[in-house]
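A short write-up of the structure that comes next.
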Amino acid sequence: MAPPVYKNIRGKMVLKLSKKTMFAVEAVFDIAYHTSLNPVQSKDIADRHHIPRRYLEQVLQKLVQNGVLKGTRGPKGGYHLARERRKITLCEIVRVVDELEGRKNIYDMQNGSDLSDKILKPLWREMARENMEKLASVSLQDLCDVARTRGVQAPPPENLDYVI
C-alpha cells in the first residue's frame, strides 16, 4: 500500500491526495455519472473539470490497463467503466495512481531513529490503513447516489430507436 500524504488543517490530520489522484477520481466519477451508450470523451471530462489533458490521458490509460475503465478508440471513442459502479471503489482508483506515480511505502522503511521507527511510523501506517479502508468503503455508486440527492444534473439518457 502506498503512503498517503497528510496535511495538518486546524489541528486535524487529513489525507492529502496528489493532483493526479484527484484528477483520476474526478474523471472516473464523471464517467460513472455521465454514462450512456456512447463512451465519455476525455476532452469532455477535461473541459468539465478543468483538468489538463496531458495528465488526464496518462491516468485514464493506466485505469484502462488496471481494469477500472474500458477505452474505445476512434473519433467517437472514449471511456466506459469496466465494471458496475458499485464494484469500483475510491481505494482502487487511488492505488492505480499511486502505482503510476511510483510511490513507495516509506512507513515500512527502518532508517530513522527509535522514536521514528517505533512511534511515528506505526502511527502513520495506522492512519494510512484507516484512510484506505474508508476509501475502500466508498463506491462510485455511492458517489452517484449522493450527487443525485444533492441535485447534481446528469445528462438525460439518450433516446433509443427500435426498429422491428
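A few comments on the model shown:
- Test: residue in the range 36-48 that is under 25 Å from V152 (Cβ atoms), hydrophobic (A, V, I, L, M, F, W, C) and outside any helix (DSSP H, G or I): yes
- Whenever a residue of the range 24-45 is within 16 Å of D145 (Cβ to Cβ), its partners that are part of a helix (DSSP H, G or I) and among the basic types (K, R), lying with C-beta atoms within less than 6 angstrom and at least six residues away or across chains, give the pairs A32/R85.
- Taken over the range 108-152, the criterion of being part of a loop (DSSP other than H, G, I, E, B) and over 24 Å from V94 (Cβ atoms) is satisfied by Q110, N111, G112, S113, G151.
- Residue satisfying all of: in the range 62-118; surrounded by 12 or more Cβ atoms within 10 Å (Cβ to Cβ), at pLDDT below 95 and of a type in the set (A, V, I, L, M); nearest to D145 (Cα to Cα) among these: V94
- Filtering the range 18-55 to residues that are modelled with pLDDT under 90 and open to solvent by 50 Å² or more (accessible area, probe 1.4 Å) leaves K19, T35, L37, N38, R53, R54, Y55.
The values are calculated or read from the model by the stated rules, or taken from the named source; none is laboratory data. The structure displayed is predicted, hence computed values, not measured ones. Quick reminder, even Gly has a Cβ in these numbers, built from the backbone with ideal geometry, and neighbours come from all protein chains shown. With ligands, DNA and RNA removed, areas are computed over all heavy atoms of the protein, side chains included. Shrake-Rupley method; radii C 1.70, N 1.55, O 1.52, S 1.80 Å.
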